[in-house]
């Protein structure tokens, strides 16, 4: 249940075309330019671990509480990058992970809850949104409460 809320919050951050597949409603398009972004995110998601156990990956995703502001987004992005992904993640999903973490890291920690709700698609191309969706789908399937992490390792 907690993963569902974490991924739902993550999907809310990925507004625009990607949120539709996450179950969001993008009928009220917001201007991405109205949300503060960090000019120099120094982290490199491509260097995140690629050998994380399924259990650690899923635990990392569910360890984050409610995402309400820029600080929460920054903490979530740091957790994602620190945890990394399992080695069996499909290439498109891994690419989506890297794009997603990179996009999250660009959101300024001072972003208010109101500004966060107005985030657009973060300037992601349709191709990048598709890759991020692949990551979301992978994580949701792998870490679903009915999935057995030990069977997937």
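The values are calculated or read from the model by the stated rules, or taken from the named source; none is laboratory data. Worth saying up front: this structure is predicted, and the values here are computed from it rather than measured. No Cβ is skipped: glycine too gets one built from the backbone with ideal geometry, and neighbour counts run over all protein chains shown.
Some points to look at:
- The set of residues in the range 117-142 being surrounded by 21 or more Cβ atoms within 10 Å (Cβ to Cβ) and modelled with pLDDT under 90 consists of 119, 121, 122, 124.
- A single member of 21, 74, 48, 32 is modelled with pLDDT of 85 or more and under 21 Å from residue 116 (Cα atoms), and it is 74.
- Within the range 53-90, if we keep just the residues that are out of contact with any helix residue (DSSP H, G or I) (no Cβ under 9 Å at 6 or more places or on another chain) and in a helix (DSSP H, G or I), the residue that is surrounded by the most Cβ atoms within 10 Å (Cβ to Cβ) turns out to be 75.
- In the range 78-95 there is no residue that is under 22 Å from residue 130 (Cβ atoms) and touching a strand residue (DSSP E or B) at 6+ places or on another chain (Cβ under 6 Å).
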